[in-house]
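Working notes, structure below.
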Amino acid sequence: MTLQSTTTRDRFKHALPRAAWCVLVAVCFLAVVLCCMAAHADEAPRRKMIVLLADHTSLPDWTVPDLPTLQQAMRRGAVGLMVVRMSVAPKDDSDGGVGKIPDTLYMTDVKRRAGAHLSISAGVPALQNEKARLSFHVYESFSGRSVRRLFRDLTGSTAPRKGIVNLGMAGQRQRDESNWEARPGMLGELLQRNGVRTAVVGNSDCRSRMARFGAVLAADRDGVVFNGSVGGDMRYGEPGKRSCCRANTDRIVEQFRIFYKKADFIVVEFCDTACTAQKHIGDELNTKLFQPYMNTPMQKFDQLLARILEIVDLETTQVVILSPTPSVRAYANKRALTPVLFLGRDVPAGPALVSSQSTRRAGLVVNLDIAPHITHYFGLDPAQEFIGSAVIFKPHDQPVVMLRDFEDRDAFIESHGYLLRRSVMLHTFVIVLCFVLLARSRPVSVKWLSSLKVLILFTMSVFLSFLLVAALGGVRTEVGFFSALILVCAAIVVLVLRSGNAVRGLAALCAAYTVVVVLDQVAGAPLIKHSVMGYFVQRGARFYGIGNEYAGVLLSAPVFLYGLLLDRGGRKSQIVRKLFPAIFAFIVFVCASPFWGANFGATVSCAVTFLIMVALVRGWRMRWVHIPLALCIVALALGGMVLMDTLLPLADSHVGGLVQRVLHGGGAEEIFKIAWRKLAVNLRLMRVPAWSSLFVLNLGLAGMFLFRAPERIARVFEEFPNVRRALAASATGSLFALAVNDSGLITGAIALCLPVLAVFLLTFESGHSHDASNTSQ
């Protein structure tokens, strides 16, 4: 057997010499290598995103001539302005359970900066927790205590072996106490849970205290980021010293190069702009005087951007540059919108503007859109709590020029927001004056009556003038604006007086309000967008649709017009009876349409008001059974808006977002949250004397006119019975607006201004006519 085995082995060796074995092994190895290369060729490269934070900057800071890299990026990418939306800072000094964290020095706007970063991380307006600035490596110590021990005391769990922890987020790991019950860290947790590796490099430590907010965007709800570097080697200078901290760009680039290979989502924080804003915090609040201070930090940021763009591959990486908060002087100058830029993968080549479904306005996004955009970029479903929308890009030839013009016009408009309060005070004064004159036993003289009629009509035309003046977009000076406003009001008064009598004049004024507001909404709201009684986008309250102020006008003007036409229509009354229900239905549709009004509160209150008016005109008496009918109207309005949101593409509104949150895990709790937020807003508005006084005064006078009308007003109601019905419908609608709208107090107060003043005007004119006829007899 041994001899046979040896013989067989010798034959085998002779058949396959050693060289052949080497060739066979090489072929097999080459086949394996080719298979692996083919597999990697078929696999798409990993997406990456870089977020660069240049805090406390504005659009003028980005457009100075000595920033070649940034200007080239704006020509190649999509640029826009961002609304900084966050929850209101608590009035007390409580820290929401994070008192175990030691504190250091004081920074003027640290709470606002913290709130802006936390809101991006949570996807909803978050509480302004200043402890969110405290990010450290796990092996560091803070104020003489180990960061690991602090983390364990705050969370009850062990800190990771390596990485960065944010002590403020760790101490607030559940929901905060904001109206939205935000959960900071939802963005980072969603990314980490789905295999997206996160990292943070750099800090924004200033001379007053350390501030490392960049980790907020990448950390999970425990405040943990597993990769990155935020230590003192990221900048020159020490917090608390007189010298201002400056970014160590060489160290930042070195660490960025390392973590660019290890992570998919990287936040880079640059401290020079934030530090410069803090260093010159006491300077005069003037943008032009402050500009030279920002030139050097922006040039340094431009150099950092150039070095980062040399490292990244824009075919696989999207670069996002943004300023989470404006500076203090920007707030003071009504320029609270901050710049944002998208560049690289999935961004169209060439100049473009950013937008989103949250704003529906070219060049404008909300900071709450950043989290949905990041999750959408990585192919993930956004968290159900997120209320923003993914950013979209729209090509534009001159985006920077457009944004400059938009910012200048918006700053001019919002700097005159006090005119709305002044108009409310004017309405209150005129209503009180009319009531005092009505309470007098002696009738008003002819001279007084003429002056009073002009004053009443001027007051009633102010809200309409705000809209019409907005059509004069070129008016950007104080003198021109106020001259145009006064001239438009005077022109309306003259046209009404030339109509012949108060009934015709009031009918024309109500028709003008109705037609202008409705047509403006159908045309895309070009007037209300630029009205001082408009959206106020810097506050982030509303960006499209009909605002709560003009919703109040639209609630009462059509029903009062309906009543006046019926009382003086003669033979045309039947046409009016048949035509106006269709007009009412169209107005409700405009309010409910996601493309136009997109206002649930206005839809419900207008629907109830119009239905009550039609029922009263047809002789129906109000009974308790009509309360369930009103609730059915609310349900139908909600169902109609949800149906349109579902059937129409890209038509999602706030109501549609609410329904989606209810259906995908939120349940009825989401409805109760919305109701509580609406109630909280109305309670806050009740503490504003101007609005609360006007609402209570109008509602009290409307109730007195309806149930215990003085003799003069009773005679007016006998002559104009449908005016009384219009007043009753408007009062009921204002109460519904208070119940279903987040700022229903404003809607209800404005809704009753027109009817109450109109009743006074009709009373004085009819009383003067009655006295004149008695004198002639």
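Take each peptide in 729-740, 70-81, count the other Cβ atoms within 10 Å of every residue, and average; sorted highest first, the result is 729-740, 70-81.
Expressed per residue, the C-alpha convex hull volume of the range 359-486 stands at 149 Å³. Each residue was assigned an accessible area with a 1.4 Å probe, and for TRP180 the value is about 60 Å². Based on the alpha-carbon gyration tensor of the range 487-585 and its eigenvalue square roots a ≥ b ≥ c, which shape applies: rounded if a/c is under 1.5, prolate if not and a/b is larger than b/c, or oblate? It is oblate, given that a/c is not under 1.5 and a/b is not larger than b/c. Protection proxy ranking of 556-566, 58-68, 397-407, 325-335, by the mean of other Cβ atoms within 10 Å over each peptide's residues and highest first, is 556-566, 325-335, 58-68, 397-407.
Using the empirical formula 2.2 N^0.38 Å as the baseline, the Cα radius of gyration of the range 454-499 reaches a ratio of 1.14.
For the peptides 218-230, 340-352, the ranking by mean Cβ contacts within 10 Å, running from highest to lowest, is 218-230, 340-352. Hey, for a label at SER146 modelled as a point 7 Å past Cα toward Cβ, could you say which residues of the range 157-190 have their backbone N under 16 Å away? Under 16 Å, as judged by backbone N against the label point of SER146, lie 157-163, 165 of the range 157-190. Computed over the range 313-448, relative contact order equals 20 percent, with contacts defined as Cα pairs under 8 Å that lie 6+ residues apart. Computed on the range 149-219, with alpha-carbon pairs under 8 angstrom and 6+ residues apart, the relative contact order is 26 percent.
The values are calculated or read from the model by the stated rules, or taken from the named source; none is laboratory data. From a predicted model like this one, the values you see are computed outputs, not experimental measurements. FYI the Cβ positions are ideal-geometry reconstructions off the backbone, even for glycines, and counts take in every protein chain you see. With ligands, DNA and RNA removed, areas are computed over all heavy atoms of the protein, side chains included. Shrake-Rupley method; radii C 1.70, N 1.55, O 1.52, S 1.80 Å.
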